[in-house]
Amino acid sequence: MWKWLVKVARFVCSRCRLTVSLLPQFVLPYRHRLVDAVDRYFRAGHEARVEMSDGDLLRRYWRQWVSHVGSLQRDTAWPAERPLAREPIGYWEQMAKAAGNMQAVQKKLTGRFGVSLLRRYACHRKPERVIC
Ligand SMILES: [Zn+2]
């Protein structure tokens, strides 16, 4: 298994001391697997999933995805293609097709909608008020 060290650019506002981290689009926040690894697992059939060495972790990610799909569709109404797929893997593939790949999906979700692929984090929300 590959081990990666990802350097994350962090910026601190000199006026309000708010810290902002800039993650590359191939990284999921607070996750130990890259977007492409999650994508491979999600698209794999049952037998291939069982063979994957980090299947337990990725199976947990799958369950988080399944529980996140409804709110993601409700909150973003993205992509514009209709109808939005009802099955979690169908929606995953629909988003990948719309954006080109899952890294582009992750970038779009966080940048445009303030939500990540597997969960909404407080850190992706824009501040309710501008402090400075
Ligand atoms: Zn500031």
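Might you let me know whether segment 38-51 holds any residue that is under 21 Å from Ala122 (Cβ atoms), more than 16 Å from the ligand (Cβ to nearest atom) and touching a Pro at 6+ places or on another chain (Cβ under 9 Å)? Give the steps one after another, and end with the answer.
Just the residues of segment 38-51 that are under 21 Å from Ala122 (Cβ atoms), to begin with: none.
There is no residue in segment 38-51 that is under 21 Å from Ala122 (Cβ atoms), more than 16 Å from the ligand (Cβ to nearest atom) and touching a Pro at 6+ places or on another chain (Cβ under 9 Å).
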Members of segment 15-37 found to be within 16 Å of the ligand (Cβ to nearest atom) and out of contact with any helix residue (DSSP H, G or I) (no Cβ under 8 Å at 6 or more places or on another chain), listed by number: Arg15, Cys16, Arg17, Leu18, Thr19, Val20, Leu22
Within segment 39-67, residues being crowded, with 16+ Cβ neighbours inside 10 Å and either at pLDDT below 90 or in contact with a strand residue (DSSP E or B) (Cβ under 6 Å, 6 or more places away or on another chain) (or both) number 0
Which of the residues spanning segment 1-38 are touching a residue at least 60 places away in the same chain (Cβ under 8 Å), more than 22 Å from Arg119 (Cα to Cα) and either among the hydroxyl-bearing types (Ser, Thr, Tyr) or exposed (fewer than 10 other Cβ atoms within 10 Å of the Cβ) (or both)? Arg15
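The values are calculated or read from the model by the stated rules, or taken from the named source; none is laboratory data. Here the structure is a predicted model, which is why all the values come from computation and not from measurement. Virtual Cβ from ideal backbone geometry, glycine too; neighbours counted across all protein chains shown.
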